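> One structure is given below, represented as structure tokens, and several questions about it will come after.
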Amino acid sequence: MTERTLILAFESSCDETSVAVIENGTKILSNIVATQIDSHQRFGGVVPEVASRYHIEQITKCTDEALEQAAVDYDDLDAVAVTYGPGLVGSLLIGVTAAKVIAWAHDLPLVPVNHMAGHIYAARYVGEFKYPQMALLVSGGHTELVYMPAEHEYQIIGETRDDAAGEAYDKIGRVLGVNYPAGKTIDEWAAKGEDSFHFPRAMEKEENYDFSFSGLKSAFINTVHNADQRGEELNKYDLAASFQQSVIDVLAEKTMRALDDYPVKQLILAGGVAANHGLRARLDHDMKKYHPDVTMLQAPLKLCGDNAAMIGAAGYVNYQHGDRAGLDLNAVPGLMFERINDNN
Ligand SMILES: Nc1ncnc2c1ncn2[C@@H]1O[C@H](COP(=O)(O)OP(=O)(O)OP(=O)(O)O)[C@@H](O)[C@H]1O
Ligand SMILES: [Mg+2]
């Protein structure tokens, strides 16, 4: 019989409760995701207390379902992996507590996982990782370029100085009356419009790998408000296309610059905003044109948002590297990869 390593993985950093069973870090036996979007939509964003309570209600059901769907028992498991940061402290604590209880009750090793490493490892379900590697990590709370000289090593070379890309999508979505989270709808509208507003591309030409989206967000909001005051209605598809083009131009430009300077074998695109069709197509195009020798793995559409399958894939690597947490593991809301160059 072939040896197989089974990991039970937990994710509860924000508004998704998710539990997965992963075989050898590459095969999803189950990936249960309970989303709370409906509970938060009327507030236009995630309400931390509501999120924690919802995680409590869901986590046991999700665990039972994940084991049942994978057709495995606690005795078959080799380890329990859990997101311990970054995220909302109350939300993180539910997953961390559930994972600890199971690890303790079944005498299993507890493997701590950084949520952002998890996002990167969503791409592991598309193909094998090759190092050195670069990841463009674009999500609701983060926008960063992560350099990975080797497996299990993560270094930030550039990041947003203000809003994350997903956050900017959600904020301009609100101005257009789109429900939270707005990214998917804005992406669909963008495909039907033209970049006719030419919003700013902040820091695009600066000699660094950092991003800024708050100026774009303000320019967008001012444009819509000024038109409102004049009683004009602007074309929402063109507004979406113009906003999205500005985001994509900056993300693509900075990523190509990073690949010029860091000789890597592979580019990973991951995080919630990696589901953006415009961004995926643009990177496909730019990689063929500027870095044909660098392979690219884009996280599967279904695994771009928060889920435990990605935590299981990253957890498997951590498990192999000997990462273990004690039962005193705590949530670390501000957990970050190390930054290797100055933020100037
Ligand atoms: N097609 C899309 N285009 C652009 N943005 C999108 C798309 N689909 C989802 N998003 C955005 O992705 C974000 C959610 O991503 P994710 O779940 O990774 O964020 P998070 O977990 O809240 O933040 P983080 O991972 O940084 O802690 C939301 O801001 C959402 O609007
Ligand atoms: Mg996330």
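> Among 135, 178, 258, whose Cα sits farthest toward the positive end of the charge dipole of segment 129-298 (+1 at Cβ of Lys/Arg, -1 at Cβ of Asp/Glu, about the Cα centre)?
The Cα lying farthest towards the positive end belongs to 178.
> By how many nm would the segment from residue 235 to residue 75 grow when fully extended, if each residue of separation counts as 0.36 nm and the alpha-carbon distance is taken off?
In short, 51.8 nm is gained.
> Using only Cα atoms, tell me the angle between helix 214-229 and the longest principal axis of the chain; keep it within 0 to 90° and round to the nearest 10.
Tilt of helix 214-229: around 50 degrees.
> Determine the sum of side-chain charges near residue 94: Lys and Arg each +1, Asp and Glu each -1, restricted to other residues whose C-beta is under 14 angstrom from that of residue 94.
Around residue 94, the charge tally is -3.
> In percent, what relative contact order does the chain have, based on Cα pairs under 8 Å that are 6 or more apart in sequence?
Relative contact order here is 25 percent.
> Something else: What percent of all Cα-Cα pairs in segment 129-298 falls into each 5 Å bin, going from 0 up to the bin containing the maximum distance?
Binned Cα distances yield the sequence 2, 9, 18, 22, 19, 13, 8, 5, 2, 1, 0, 0.
> Debye calculation, C-alpha points only, no solvent: report log10 I(q)/I(0) for the chain at q = 0.08 Å⁻¹, in the same order as the q values.
Result of the Debye calculation: -0.38.
> What spacing in nm lies between the two simple spin-label points modelled at residue 218 and residue 205, each 7 Å away from Cα in the Cβ direction?
The two pseudo-label positions are separated by 2.1 nm.
> Next question, about the same structure. Extending each Cα 7 Å along its Cβ direction at residue 101 and residue 327, get the distance between those two points in nm, one decimal.
Each label point is offset 7 Å from its Cα along the Cβ direction, giving 1.4 nm.
> Right, here's the next one. Among all the lysines, which ones have a C-alpha under 24 Å from residue 236's C-alpha, if same-chain residues fewer than 8 places away are not counted?
171, 184, 192, 217
> Right, something else. Angle, helix 308-320 long axis vs. longest principal axis of the chain, Cα atoms, 0 to 90°, nearest 10?
Approximately 60 degrees, to the nearest 10.
> Then there's this: Can you give me the relative contact order of segment 229-319 as a percent, contacts being Cα pairs under 8 Å and 6 or more apart?
Rounded, it is 30 percent for segment 229-319.
> Given the rule -39500 (n - 2.57) for each run of at least 4 DSSP H residues, summed and divided by the residues of the chain, what is its mean residue ellipticity at 222 nm, to the nearest 500 deg cm²/dmol?
Here the helix-only value at 222 nm equals -13000 deg cm²/dmol.
> Something else: Two decimals is fine: what's Rg over Rh for segment 73-180, C-alpha atoms, Kirkwood radius as Rh?
1.05
> Report the one residue of 31, 308, 274 whose Cα lies farthest in the direction of the positive end of the charge dipole of the chain (charges on C-beta: Lys and Arg +1, Asp and Glu -1; origin at the Cα centre).
274
> Could you provide, to the nearest whole Å², the per residue accessible area of the chain with probe 1.4 Å?
On the way: 14850 Å² over 344 residues.
The answer is 43 Å² per residue.
> Now a separate question. Once you've got the GNM for the chain with C-alpha springs shorter than 10 Å, pick whichever of 222, 276, 31 has the biggest mean-square fluctuation.
Among 222, 276, 31, the largest GNM mean-square fluctuation belongs to 222.
> Relative to the longest principal axis of the C-alpha atoms of the chain, give the angle of the C-alpha long axis of helix 89-105, reported between 0 and 90° and rounded to the nearest 10°.
The answer is roughly 20 degrees.
> Roughly to the nearest percent, how much of the accessible area of segment 44-188 is carbon and sulfur, given a 1.4 Å probe?
Answer for segment 44-188: carbon and sulfur cover 49 percent of the accessible area.
> So, with +1 on the Cβ of K and R and -1 on the Cβ of D and E, and no other charges, what is the size of the charge dipole of segment 129-298 about its Cα centre, to the nearest 20 debye?
Dipole about the Cα centre, nearest 20: 300 debye.
The values are calculated or read from the model by the stated rules, or taken from the named source; none is laboratory data. If you're wondering where the values come from, they're calculated on a predicted model, not measured in any experiment. As a convention, Cβ positions derive from the backbone with ideal geometry for all residues, glycine included, and neighbour counts pool all protein chains shown. Heavy atoms of the whole protein, side chains included, go into the accessibility calculation; ligands, DNA and RNA do not. Shrake-Rupley method; radii C 1.70, N 1.55, O 1.52, S 1.80 Å.
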